[in-house]
Amino acid sequence: MGEHVIKLPDVGEGVAEAELVEWHVKIGDLVREDAVLAAVMTDKATVEIPSPVDGEIVWLGAEIGDTVPVGSPIVRIKVAGDAPSTAEPAAESKPEAKAPEAAKASAEPAKKEEEKTPATPKPAATTAALKPVPRATTGLPRPEGERPLASPAVRLRAREAGIDLRQVPGTGPAGRVTHEDLDAFAARGAAVVVAGLQEKTGVEEVKVIGLRRRIAEKMALAKSRIPHITYVEEVDVTALEELRAKLNASKKPERAKLTILPFLMRALVKAVGEQPQLNAVYDDDAGIIHRHAGVHIGMAAQTPGGLMVPVVKHAEARDLWDCAAEVNRLAEAAKAGTATREELTGSTITITSLGAMGGVATTPVINYPEVAVVGVNKIMIRPMWDGTQFVPRKMMNLSSSFDHRVIDGWDAAVFVQRIKALLEAPAMIFVEG
């Protein structure tokens with residue numbers, strides 16, 4: 001028998017460490033070659049670690065949420081034969097000394113796991129004070145319609161104590177609930193049931209790992225380093241919605257359906273062309289603002305794993321239909337977990353939208369180290385005064401945040417007002433120059 005040590009491989013992208021986000025095995029498991037042992041995350045890419053050999057898991061070198069340096073041992077597998085370990089030969093001299101060491105390596109992590117897991121009370125400890133009963137005493141409600149057997153005195157006591165007798169296991173003849181049963185029920189600390197409503201206790205601990213931890217770190221960095229100013233403006237999108245409906249009705253089958261986002265992207269491109277300081281990232285450590293000629297729009301997207309921001313590169317060179325197709329492609333890749341590092345980095349300004357759940361107004365967080373984010377709220381029909389009467393109009397708020405260190409409030413207002421003007425007169429989006 002030998003031992004094979006698996007180290008965290010170089011997962012690429014020039015990283016020196018990765019976060020362990022999932023174990024697919026535990027100590028004592030038998031695994032086949034190529035079976036997935038674990039998953040690690042670097043930046044926003046998740047990589048699976050396969051087993052190179054058949055054998056038994058005898059040691060796991062990290063816990064979920066730990067950051068592991070590349071090259072560090074993470075798994076030890078006991079293998080048949082004299083196959084050498086990746087760290088040292090498995091069949092060296094003094095084999096009798098090797099066995100206790102392997103047993104110790106296997107036992108120590110197991111003991112550690114046992115110490116971390118709260119001990120489960122033994123059944124005897126929870127029922128020692130109760131009398132033997134002739135029927136099940138699980139404490140679960142009786143079947144609907146079954147009336148619990150109890151004397152009037154017991155019923156009165158239960159009613160005054162707010163106890164639902166259907167929750168009390170009876171130990172008397174034919175399952176009759178006695179005074180002793182009420183006492184035992186209360187002594188066990190059972191939740192009081194009043195009028196069918198039951199108290200709940202307990203706290204679930206959820207460790208923040210993987211993408212959720214990356215999101216938390218990014219949000220904390222943005223809010224701690226960027227003094228945000230948020231500007232909210234309402235936009236009349238009635239004309240825009242009419243144009244969008246006509247374009248979708250006459251579009252070619254192979255083209256993506258237009259949402260409001262491609263129009264906003266084209267309007268944003270025109271607006272930052274007039275205010276290039278908005279299409280920038282701020283290196284606050286070096287004190288340098290990098291203004292970009294290309295407009296690379298981050299599209300905040302909700303995925304099963306959490307918030308991700310795929311990037312539509314060079315939006316200035318895309319028309320409405322191309323913008324719509326690229327947004328759809330990137331959104332699907334993000335949700336499926338197949339988006340590449342290149343597709344998730346490099347944005348110069350971000351759009352965030354909650355779709356139909358967009359609310360009346362939001363305070364979006366800037367995608368650090370950018371200096372601006374444009375938030376889309378939901379479209380609602382509201383009565384608007386046209387000078388002579390109230391008329392129904394489709395209204396939508398834009399909630400936009402700016403880095404107040406480098407963007408003054410006046411410049412932020414000019415930027416949002418320019419986007420508003422373009423969306424309210426959508427033909428202007430297509431006018432060049």
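The values are calculated or read from the model by the stated rules, or taken from the named source; none is laboratory data. Just so it is clear, the model here is predicted, and its values are computed rather than measured. Here Cβ is always computed from backbone atoms with ideal geometry, including for glycine, and neighbour counts include all displayed protein chains. Ligands, DNA and RNA are stripped out before the accessible areas are found, and what is left, the full protein with its side chains, is counted by its heavy atoms. Shrake-Rupley method; radii C 1.70, N 1.55, O 1.52, S 1.80 Å.
Amide H to amide H, which residues 5 or more places from V75 or on other chains are under 5 Å from it, using H placed in the peptide plane?
I6, G61
Which value, in debye to the nearest 20, describes the size of the charge dipole of segment 165-304 about its Cα centre when Lys and Arg Cβ atoms bear +1, Asp and Glu Cβ atoms bear -1, and nothing else is charged?
The calculated dipole for segment 165-304 is roughly 700 debye.
Express in % the proportion of alpha carbon pairs of segment 242-388 at distances exceeding 25 Å.
For segment 242-388, the share of Cα pairs beyond 25 Å comes to 33 percent.
Apply the Kirkwood formula to segment 182-273: the hydrodynamic radius equals the inverse of the mean of 1/r over all pairs of different alpha-carbon atoms; give it in Å with one decimal. Each step should come with its number before you reach the end.
On the way: mean 1/r = 0.0488 Å⁻¹.
Answer for segment 182-273: a Kirkwood hydrodynamic radius of 20.5 Å.
Using alpha carbon centroids, what distance separates segment 232-301 and segment 1-57, in Å?
First find each Cα centre; the distance between them is then 41 Å.
Computing the accessible area with a 1.4 Å probe over protein heavy atoms, can you report the carbon and sulfur percentage for segment 218-304?
The C+S portion of the solvent-accessible surface of segment 218-304 is 54 percent.
Per q in 0.24, 0.26 1/Å, what log10 I(q)/I(0) does a Debye calculation on the alpha-carbon atoms of segment 241-315 return?
One equal scatterer on each Cα of segment 241-315 leads to -1.13, -1.16.
List the residues whose amide H sits under 5 Å from the amide H of L37, counting only those 5 or more places along or on another chain, with H placed 1.01 Å from N in the peptide plane.
I49, S51
For segment 407-426 and segment 342-364, write down the distance between their C-alpha centroids in whole Å.
Computed from Cα coordinates, the inter-centre distance equals 17 Å.
Could you pull out the GluC sites (Glu not before Pro) across segment 232-286 that fall in loop regions by DSSP (anything but H, G, I, E, B) with no more than 10 other Cβ atoms inside 10 Å?
Sites meeting the loop and neighbour criteria: E254.
For segment 303-367, what log10 I(q)/I(0) values come out of the Debye formula at q = 0.18, 0.26, 0.29 1/Å, with one point per alpha carbon and no solvent?
Calculated log10 I(q)/I(0) at the listed q: -0.77, -1.33, -1.38.
Set the bar at 23 Å for Cα to Cα. Now go through K207/K313; K223/K394; K223/K313; K394/K420; K7/K335; K251/K420 and name every pair that lies beyond it.
Working: K207/K313 34 Å; K223/K394 33 Å; K223/K313 26 Å; K394/K420 14 Å; K7/K335 30 Å; K251/K420 26 Å.
The answer is K207/K313; K223/K394; K223/K313; K7/K335; K251/K420.
Binning at 5 Å from 0, report for segment 368-427 what percent of all alpha-carbon pair distances ends up in each bin.
4, 14, 20, 20, 18, 11, 7, 4, 1, 0
I'd like to check one number: the per residue accessible area of segment 264-404, probe 1.4 Å, reported in Å² as a whole number.
44 Å²
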